[in-house]
Amino acid sequence: MSQPVLWISGPTQVRAEILQECARPMIGHRGAQMSALHERIDPHLRLCFGLAEASPSRIAVHTASASGLMESALAGAGPRVLALVNGAFSQRFAEIAACLGREVTVLCAENGRCVEPAEVARTLDQRGPFDAVTLVVNETSTGVRTPLAPLTKIFGAHPKLMVLADVVTLLGGAPVDFDASGLDFAFAGSQKALALPPGISVACASARYLEQARAQRMRGWYLDPVRIFEGHEKRATPATPCIPLYYALARQLEDISSGVTLHHKDRRKTGLEAWRARYEEHARMQQITEAWAQSNSLDLFPLPELCSPTVSCIRAETLDIPSFLAAMLARGHQLGEGYGELKRSTFRIGHMGDHTEVTLAQMLSIADDVIRELS
Ligand SMILES: *Cc1c(COP(=O)(O)O)cnc(C)c1O
(Lines give C-alpha, C1' and ligand atoms only; values in the text may rest on other atoms or scores of the structure.)
Protein backbone atom coordinates (compact mmCIF):
# COMPACT_ATOMS: atom_id res chain seq x y z
CA MET A 1 0.00 0.00 0.00
CA SER A 2 1.32 3.44 -0.81
CA GLN A 3 1.90 5.76 2.11
CA PRO A 4 -0.73 8.43 2.86
CA VAL A 5 0.11 12.13 2.71
CA LEU A 6 0.86 13.22 6.27
CA TRP A 7 -1.20 16.03 7.81
CA ILE A 8 -0.48 14.95 11.38
CA SER A 9 1.38 17.33 13.63
CA GLY A 10 4.66 15.45 13.23
CA PRO A 11 6.37 13.73 11.63
CA THR A 12 5.38 15.85 8.67
CA GLN A 13 5.51 15.02 4.98
CA VAL A 14 9.12 14.88 3.70
CA ARG A 15 9.94 15.68 0.05
CA ALA A 16 11.55 12.92 -2.04
CA GLU A 17 14.66 15.07 -2.66
CA ILE A 18 15.19 15.31 1.08
CA LEU A 19 14.75 11.56 1.59
CA GLN A 20 17.42 11.01 -1.05
CA GLU A 21 19.84 13.18 0.91
CA CYS A 22 19.56 10.61 3.70
CA ALA A 23 20.83 7.86 1.37
CA ARG A 24 24.28 9.39 0.73
CA PRO A 25 27.40 7.35 1.55
CA MET A 26 28.67 7.90 5.07
CA ILE A 27 31.55 10.24 5.86
CA GLY A 28 33.81 10.51 8.88
CA HIS A 29 32.34 12.91 11.42
CA ARG A 30 35.75 14.30 12.42
CA GLY A 31 36.83 15.33 8.92
CA ALA A 32 36.62 18.17 6.46
CA GLN A 33 33.41 16.88 4.85
CA MET A 34 31.58 17.13 8.16
CA SER A 35 32.92 20.66 8.72
CA ALA A 36 31.67 21.55 5.25
CA LEU A 37 28.21 20.30 6.20
CA HIS A 38 28.22 22.54 9.27
CA GLU A 39 29.23 25.49 7.08
CA ARG A 40 26.29 24.85 4.77
CA ILE A 41 23.83 24.74 7.67
CA ASP A 42 24.86 27.69 9.83
CA PRO A 43 23.98 30.83 7.85
CA HIS A 44 20.50 29.54 7.04
CA LEU A 45 19.86 28.36 10.58
CA ARG A 46 20.72 31.82 11.83
CA LEU A 47 18.11 33.25 9.42
CA CYS A 48 15.62 30.73 10.67
CA PHE A 49 16.06 31.90 14.29
CA GLY A 50 15.79 35.51 13.07
CA LEU A 51 19.36 36.44 14.12
CA ALA A 52 20.95 39.58 12.72
CA GLU A 53 24.43 39.08 11.32
CA ALA A 54 26.10 40.73 14.31
CA SER A 55 24.00 38.92 16.93
CA PRO A 56 26.13 37.31 19.66
CA SER A 57 23.56 34.49 20.02
CA ARG A 58 24.77 31.05 18.99
CA ILE A 59 23.20 28.19 17.11
CA ALA A 60 23.77 24.45 17.28
CA VAL A 61 22.54 21.13 15.93
CA HIS A 62 22.31 18.08 18.16
CA THR A 63 21.43 14.46 17.55
CA ALA A 64 18.45 14.04 19.86
CA SER A 65 14.73 14.58 19.55
CA ALA A 66 13.26 17.85 20.78
CA SER A 67 12.50 16.40 24.21
CA GLY A 68 16.26 15.94 24.62
CA LEU A 69 16.76 19.64 24.03
CA MET A 70 14.19 20.45 26.75
CA GLU A 71 16.56 18.62 29.05
CA SER A 72 19.60 20.50 27.67
CA ALA A 73 17.94 23.88 28.13
CA LEU A 74 17.24 23.08 31.79
CA ALA A 75 20.63 21.46 32.40
CA GLY A 76 22.31 24.80 31.78
CA ALA A 77 20.02 26.85 34.03
CA GLY A 78 19.64 27.22 37.79
CA PRO A 79 17.38 25.29 40.18
CA ARG A 80 14.30 27.52 40.56
CA VAL A 81 12.04 27.00 37.56
CA LEU A 82 8.72 28.58 36.67
CA ALA A 83 6.85 26.36 34.19
CA LEU A 84 4.02 27.76 32.05
CA VAL A 85 1.75 24.83 31.21
CA ASN A 86 -1.10 24.91 28.69
CA GLY A 87 -1.02 21.46 27.12
CA ALA A 88 0.84 18.16 26.85
CA PHE A 89 4.25 19.40 25.67
CA SER A 90 4.53 22.26 28.17
CA GLN A 91 3.55 19.69 30.80
CA ARG A 92 6.43 17.49 29.59
CA PHE A 93 8.84 20.44 29.89
CA ALA A 94 7.74 20.92 33.52
CA GLU A 95 8.08 17.18 34.20
CA ILE A 96 11.62 17.09 32.84
CA ALA A 97 12.51 19.98 35.16
CA ALA A 98 11.13 17.97 38.10
CA CYS A 99 13.04 14.86 36.96
CA LEU A 100 16.24 16.91 36.98
CA GLY A 101 15.58 17.79 40.62
CA ARG A 102 14.60 21.40 39.97
CA GLU A 103 12.23 23.30 42.27
CA VAL A 104 9.32 23.70 39.89
CA THR A 105 6.46 26.16 40.25
CA VAL A 106 3.74 25.44 37.70
CA LEU A 107 1.26 27.94 36.28
CA CYS A 108 -1.51 26.15 34.39
CA ALA A 109 -3.92 27.44 31.78
CA GLU A 110 -7.04 25.68 30.57
CA ASN A 111 -6.68 23.74 27.32
CA GLY A 112 -7.14 26.08 24.38
CA ARG A 113 -5.69 29.06 26.24
CA CYS A 114 -2.32 30.30 27.38
CA VAL A 115 -1.21 31.43 30.82
CA GLU A 116 -2.27 35.06 31.34
CA PRO A 117 0.68 37.48 31.22
CA ALA A 118 -0.61 39.26 34.35
CA GLU A 119 -0.46 35.99 36.27
CA VAL A 120 3.08 35.39 35.04
CA ALA A 121 4.11 38.89 36.15
CA ARG A 122 2.52 38.45 39.56
CA THR A 123 4.15 35.06 40.12
CA LEU A 124 7.59 36.32 39.13
CA ASP A 125 7.24 39.26 41.52
CA GLN A 126 5.70 37.46 44.48
CA ARG A 127 7.05 33.90 44.38
CA GLY A 128 10.49 34.47 42.89
CA PRO A 129 13.28 34.81 42.35
CA PHE A 130 13.34 32.18 39.59
CA ASP A 131 16.37 31.13 37.57
CA ALA A 132 14.43 30.01 34.51
CA VAL A 133 10.98 30.00 32.94
CA THR A 134 9.85 27.27 30.54
CA LEU A 135 7.18 27.68 27.89
CA VAL A 136 5.99 26.08 24.66
CA VAL A 137 5.34 28.89 22.21
CA ASN A 138 3.23 26.75 19.89
CA GLU A 139 1.46 24.10 21.98
CA THR A 140 0.95 21.37 19.40
CA SER A 141 -1.48 19.36 21.52
CA THR A 142 -4.11 22.13 21.50
CA GLY A 143 -3.08 24.26 18.50
CA VAL A 144 -2.40 27.28 20.74
CA ARG A 145 0.21 29.87 19.97
CA THR A 146 1.22 31.98 22.96
CA PRO A 147 1.77 35.64 21.98
CA LEU A 148 5.33 36.45 23.03
CA ALA A 149 5.33 40.27 23.04
CA PRO A 150 3.61 40.76 26.44
CA LEU A 151 5.77 38.08 28.04
CA THR A 152 8.99 39.52 26.59
CA LYS A 153 8.29 42.75 28.46
CA ILE A 154 7.54 40.94 31.72
CA PHE A 155 10.58 38.65 31.51
CA GLY A 156 12.75 41.65 30.67
CA ALA A 157 12.06 43.07 34.15
CA HIS A 158 13.89 40.06 35.63
CA PRO A 159 17.39 40.27 34.20
CA LYS A 160 18.65 37.02 35.71
CA LEU A 161 15.72 34.95 34.47
CA MET A 162 16.59 32.53 31.63
CA VAL A 163 13.76 32.21 29.11
CA LEU A 164 13.66 28.62 27.79
CA ALA A 165 11.32 28.35 24.83
CA ASP A 166 10.12 25.30 22.91
CA VAL A 167 9.55 26.51 19.33
CA VAL A 168 9.23 22.97 17.98
CA THR A 169 6.20 23.41 15.70
CA LEU A 170 6.94 27.06 14.99
CA LEU A 171 10.50 27.16 13.67
CA GLY A 172 10.42 27.13 9.89
CA GLY A 173 6.66 27.80 9.87
CA ALA A 174 6.48 31.26 11.44
CA PRO A 175 9.02 33.94 12.37
CA VAL A 176 11.04 33.21 15.50
CA ASP A 177 12.77 36.45 16.42
CA PHE A 178 15.03 34.97 19.04
CA ASP A 179 16.83 38.14 20.15
CA ALA A 180 13.91 40.54 19.78
CA SER A 181 11.72 38.19 21.82
CA GLY A 182 14.29 38.09 24.63
CA LEU A 183 14.72 34.32 24.46
CA ASP A 184 17.74 32.63 26.05
CA PHE A 185 17.38 29.09 24.77
CA ALA A 186 15.06 27.96 21.97
CA PHE A 187 14.94 24.65 20.14
CA ALA A 188 13.03 22.63 17.56
CA GLY A 189 13.06 19.05 16.37
CA SER A 190 13.57 18.22 12.71
CA GLN A 191 10.26 16.43 12.02
CA LYS A 192 7.80 19.29 12.41
CA ALA A 193 7.70 22.59 10.50
CA LEU A 194 11.17 21.98 9.03
CA ALA A 195 9.75 18.93 7.22
CA LEU A 196 12.65 16.54 7.83
CA PRO A 197 12.72 13.02 9.20
CA PRO A 198 12.90 12.84 13.03
CA GLY A 199 16.15 12.42 14.94
CA ILE A 200 18.01 15.72 15.23
CA SER A 201 17.24 19.08 16.77
CA VAL A 202 18.37 22.64 16.23
CA ALA A 203 18.88 25.19 18.97
CA CYS A 204 19.76 28.81 19.63
CA ALA A 205 21.26 30.20 22.85
CA SER A 206 21.95 33.73 24.03
CA ALA A 207 25.47 34.72 25.05
CA ARG A 208 24.31 35.31 28.61
CA TYR A 209 22.69 31.87 28.77
CA LEU A 210 25.95 30.17 27.76
CA GLU A 211 27.92 32.29 30.17
CA GLN A 212 25.77 31.38 33.19
CA ALA A 213 25.49 27.75 31.99
CA ARG A 214 29.26 27.35 32.37
CA ALA A 215 28.82 28.12 36.06
CA GLN A 216 26.12 25.45 36.59
CA ARG A 217 27.32 22.18 38.05
CA MET A 218 26.18 18.65 37.07
CA ARG A 219 25.04 19.48 33.56
CA GLY A 220 25.33 15.88 32.44
CA TRP A 221 27.38 15.00 29.37
CA TYR A 222 25.37 14.10 26.26
CA LEU A 223 22.84 16.89 26.73
CA ASP A 224 25.18 19.47 28.28
CA PRO A 225 24.33 22.68 26.39
CA VAL A 226 27.86 24.06 26.75
CA ARG A 227 29.31 20.92 25.16
CA ILE A 228 26.67 21.01 22.41
CA PHE A 229 27.20 24.66 21.44
CA GLU A 230 30.99 24.56 21.73
CA GLY A 231 31.08 21.32 19.77
CA HIS A 232 28.99 22.84 17.01
CA GLU A 233 31.18 25.90 16.87
CA LYS A 234 34.39 23.88 16.69
CA ARG A 235 32.86 21.66 13.98
CA ALA A 236 33.34 18.75 16.37
CA THR A 237 30.13 17.25 17.72
CA PRO A 238 30.68 15.68 21.15
CA ALA A 239 29.47 12.26 19.92
CA THR A 240 28.80 10.71 16.53
CA PRO A 241 26.02 12.74 14.90
CA CYS A 242 23.23 11.39 12.70
CA ILE A 243 25.06 12.32 9.49
CA PRO A 244 22.19 11.49 7.07
CA LEU A 245 19.98 14.02 8.82
CA TYR A 246 22.69 16.67 8.67
CA TYR A 247 22.68 16.22 4.89
CA ALA A 248 18.90 16.50 4.88
CA LEU A 249 18.95 19.61 7.08
CA ALA A 250 21.59 21.34 4.94
CA ARG A 251 19.63 20.67 1.75
CA GLN A 252 16.30 21.69 3.24
CA LEU A 253 17.62 24.97 4.67
CA GLU A 254 19.34 25.79 1.36
CA ASP A 255 16.15 24.97 -0.54
CA ILE A 256 14.01 27.17 1.70
CA SER A 257 16.53 30.03 1.44
CA SER A 258 16.58 29.80 -2.34
CA GLY A 259 12.80 29.74 -2.71
CA VAL A 260 12.64 26.18 -4.07
CA THR A 261 9.82 25.14 -1.73
CA LEU A 262 7.65 28.17 -2.57
CA HIS A 263 4.82 28.62 -5.04
CA HIS A 264 5.77 29.42 -8.63
CA LYS A 265 4.98 33.09 -8.19
CA ASP A 266 7.31 33.39 -5.19
CA ARG A 267 10.10 31.15 -6.44
CA ARG A 268 12.39 33.99 -7.35
CA LYS A 269 12.60 35.12 -3.74
CA THR A 270 15.77 34.28 -1.84
CA GLY A 271 17.25 34.68 1.65
CA LEU A 272 15.12 36.39 4.27
CA GLU A 273 12.47 37.23 1.65
CA ALA A 274 12.04 33.54 0.85
CA TRP A 275 11.68 32.67 4.55
CA ARG A 276 9.09 35.44 4.96
CA ALA A 277 7.15 34.14 1.96
CA ARG A 278 7.12 30.69 3.60
CA TYR A 279 5.75 32.17 6.86
CA GLU A 280 3.10 34.14 4.98
CA GLU A 281 1.98 31.04 3.16
CA HIS A 282 1.64 29.18 6.46
CA ALA A 283 -0.42 32.04 7.89
CA ARG A 284 -2.73 31.84 4.86
CA MET A 285 -2.99 28.07 5.29
CA GLN A 286 -4.23 28.63 8.83
CA GLN A 287 -6.89 31.03 7.50
CA ILE A 288 -7.92 28.57 4.79
CA THR A 289 -8.26 25.79 7.36
CA GLU A 290 -10.26 28.00 9.70
CA ALA A 291 -12.61 29.05 6.88
CA TRP A 292 -13.00 25.40 5.86
CA ALA A 293 -13.89 24.42 9.44
CA GLN A 294 -16.49 27.19 9.67
CA SER A 295 -18.03 26.19 6.36
CA ASN A 296 -18.62 22.76 7.90
CA SER A 297 -19.98 24.25 11.15
CA LEU A 298 -16.87 23.22 13.05
CA ASP A 299 -14.94 25.52 15.43
CA LEU A 300 -11.26 25.88 16.07
CA PHE A 301 -10.53 24.73 19.62
CA PRO A 302 -8.30 27.62 20.82
CA LEU A 303 -9.43 31.15 21.55
CA PRO A 304 -9.56 32.88 18.12
CA GLU A 305 -6.57 35.16 18.81
CA LEU A 306 -4.40 32.19 19.85
CA CYS A 307 -4.79 29.94 16.80
CA SER A 308 -1.53 28.34 15.73
CA PRO A 309 -0.20 29.09 12.23
CA THR A 310 1.06 25.51 11.77
CA VAL A 311 -1.42 23.16 13.43
CA SER A 312 -5.17 23.57 13.69
CA CYS A 313 -6.99 21.80 16.48
CA ILE A 314 -10.64 21.50 15.44
CA ARG A 315 -13.53 20.86 17.78
CA ALA A 316 -15.96 18.40 16.23
CA GLU A 317 -18.82 17.43 18.49
CA THR A 318 -21.16 16.85 15.55
CA LEU A 319 -18.74 14.74 13.54
CA ASP A 320 -17.93 11.07 14.08
CA ILE A 321 -14.17 11.70 14.33
CA PRO A 322 -12.89 8.09 14.06
CA SER A 323 -15.00 7.48 10.92
CA PHE A 324 -13.93 10.79 9.43
CA LEU A 325 -10.22 10.10 10.01
CA ALA A 326 -10.55 6.54 8.67
CA ALA A 327 -12.33 7.72 5.51
CA MET A 328 -9.67 10.38 4.93
CA LEU A 329 -6.95 7.78 5.35
CA ALA A 330 -8.68 5.53 2.83
CA ARG A 331 -8.39 8.44 0.36
CA GLY A 332 -4.71 8.85 1.00
CA HIS A 333 -4.60 11.62 3.64
CA GLN A 334 -3.65 11.03 7.25
CA LEU A 335 -4.99 13.72 9.60
CA GLY A 336 -4.19 13.88 13.30
CA GLU A 337 -6.25 12.67 16.23
CA GLY A 338 -6.84 14.95 19.19
CA TYR A 339 -4.15 14.67 21.86
CA GLY A 340 -4.76 12.86 25.15
CA GLU A 341 -8.02 13.91 26.79
CA LEU A 342 -8.99 15.85 23.64
CA LYS A 343 -9.02 12.70 21.51
CA ARG A 344 -12.80 12.29 21.51
CA SER A 345 -13.76 15.88 20.86
CA THR A 346 -11.08 17.24 18.51
CA PHE A 347 -8.92 16.33 15.53
CA ARG A 348 -5.87 18.14 14.20
CA ILE A 349 -4.54 19.23 10.83
CA GLY A 350 -0.81 19.89 10.67
CA HIS A 351 -0.56 22.37 7.79
CA MET A 352 3.15 22.87 8.19
CA GLY A 353 6.42 21.90 6.60
CA ASP A 354 6.43 21.89 2.82
CA HIS A 355 2.66 21.71 2.39
CA THR A 356 1.28 24.58 0.31
CA GLU A 357 -2.04 26.33 -0.14
CA VAL A 358 -2.54 24.18 -3.23
CA THR A 359 -2.03 20.80 -1.55
CA LEU A 360 -4.10 22.00 1.43
CA ALA A 361 -7.04 23.04 -0.78
CA GLN A 362 -6.96 19.63 -2.51
CA MET A 363 -7.01 17.80 0.80
CA LEU A 364 -9.79 19.98 2.24
CA SER A 365 -11.97 19.41 -0.81
CA ILE A 366 -11.67 15.65 -0.21
CA ALA A 367 -12.54 16.31 3.44
CA ASP A 368 -15.70 18.14 2.28
CA ASP A 369 -16.73 15.07 0.27
CA VAL A 370 -16.06 12.76 3.22
CA ILE A 371 -18.09 14.90 5.62
CA ARG A 372 -20.99 15.01 3.13
CA GLU A 373 -20.91 11.22 2.81
CA LEU A 374 -20.86 10.73 6.58
CA SER A 375 -23.78 13.02 7.31
C1 LIG B 1 6.66 17.11 18.93
C2 LIG B 1 6.89 18.09 19.99
C3 LIG B 1 7.83 17.90 21.01
C4 LIG B 1 8.58 16.62 21.20
O5 LIG B 1 9.35 16.29 20.15
P6 LIG B 1 10.13 14.87 20.11
O7 LIG B 1 10.87 15.04 18.83
O8 LIG B 1 9.08 13.82 20.07
O9 LIG B 1 10.97 14.80 21.32
C10 LIG B 1 8.04 18.90 21.91
N11 LIG B 1 7.34 20.04 21.85
C12 LIG B 1 6.42 20.27 20.92
C13 LIG B 1 5.67 21.55 20.92
C14 LIG B 1 6.15 19.30 19.96
O15 LIG B 1 5.23 19.52 19.01
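I'd like to know which of S258, H38, S295 lies farthest towards the positive end of the charge dipole of the chain, counting +1 on Cβ of Lys and Arg and -1 on Cβ of Asp and Glu.
Most positive-ward Cα: H38.
How large a share of the accessible area of the chain, in percent, is made up of carbon and sulfur atoms when the probe is 1.4 Å and the other protein chains stay in place?
Percent of accessible area from carbon and sulfur atoms in the chain: 53.
Given a Förster distance of 22 Å, report the FRET efficiency between E357 and L303 from their Cβ-Cβ distance, rounded to the nearest 0.05.
0.35
Could you work out the equivalent-ellipsoid semi-axes for segment 16-255, taking the square root of 5 times each eigenvalue of the Cα gyration tensor, largest first, in whole Å?
30, 19, 16
Quick one: how many lysine pairs in the chain have C-alpha atoms under 30 angstrom apart, if they're 8 or more apart or on different chains?
Within the chain, the lysine pair count is 6.
Within segment 215-274, list the trypsin sites (Lys or Arg not before Pro) lying in a DSSP loop whose Cβ has at most 13 other Cβ atoms in a 10 Å radius.
R217, K234, R268
Could you derive backbone 3J(HN,Hα) for segment 192-206 from the dihedral phi with the Karplus parameters 6.51, -1.76 and 1.60 (θ = phi - 60°), listing whole Hz in sequence and x where the residue is Gly or Pro?
10, 5, 7, 6, 10, x, x, x, 10, 10, 10, 8, 9, 9, 6
Within the set of other residues whose C-beta is less than 12 Å from the C-beta of E95, count the net charge using Lys and Arg as +1 and Asp and Glu as -1.
Neighbour charge sum, excluding E95 itself: +1.
Where the convex hull is taken over the Cα atoms of segment 206-246, what is its projected area averaged over directions, in nm²?
3.3 nm²
Output the antiparallel fraction of DSSP beta bridges having both residues in the chain, as a percent to the nearest 5.
Percentage antiparallel, nearest 5: 50.
Give me the one-decimal nm value for the distance between modelled label points at K234 and E53, 7 Å along each residue's Cα-to-Cβ direction.
Here the modelled spin labels are 2.9 nm apart.
Longest segment of the chain with no chymotrypsin sites (Phe, Trp or Tyr not before Pro) in a DSSP loop having at most 16 other Cβ atoms within 10 Å?
1-220
Assuming R0 = 56 Å, what is the FRET efficiency of R372 and S65, from their Cβ-Cβ distance, to the nearest 0.05?
0.90
Which residue, chosen from H62, L6, L100, occupies the Cα position most advanced towards the positive end of the dipole of segment 1-136, where the dipole is computed from +1 (Lys, Arg) and -1 (Asp, Glu) charges on Cβ about the Cα centre?
Sorting the options by dipole projection puts first H62.
Picking from P309, T359, P225, whose Cα lies most toward the positive end of the charge dipole for the chain (charges on Cβ: Lys, Arg +1; Asp, Glu -1)?
Value: P225.
As a test of the formula, what do you get for the chain when each DSSP H run with n ≥ 4 contributes -39,500 (n - 2.57) and the sum is divided by the residue count, at 222 nm and rounded to the nearest 500 deg cm²/dmol?
-12500 deg cm²/dmol
Run the dipole for the chain about the Cα centre, Lys and Arg Cβ at +1, Asp and Glu Cβ at -1, nothing else charged, and hand back the magnitude in debye, nearest 20.
With only Lys, Arg, Asp and Glu charged at Cβ, the dipole is about 860 debye.
What net charge is computed for the residues neighbouring S9, neighbours being all others with C-beta under 12 Å from the C-beta of S9, Lys and Arg scored +1, Asp and Glu -1?
After counting each charged neighbour, the total is 0.
Once you mark the GluC sites (Glu not before Pro) that are in a DSSP loop and have at most 12 other Cβ atoms within 10 Å, what is the longest gap between them in the chain?
No qualifying site falls inside 111-316, the longest such stretch.
The values are calculated or read from the model by the stated rules, or taken from the named source; none is laboratory data. Computed from a predicted model, the values in this text were never measured in an experiment. All Cβ positions, glycine included, derive from the backbone under ideal geometry; neighbour counts span all protein chains shown. Heads up: the accessible areas ignore ligands, DNA and RNA and are worked out on the full protein's heavy atoms, side chains in. Shrake-Rupley method; radii C 1.70, N 1.55, O 1.52, S 1.80 Å.
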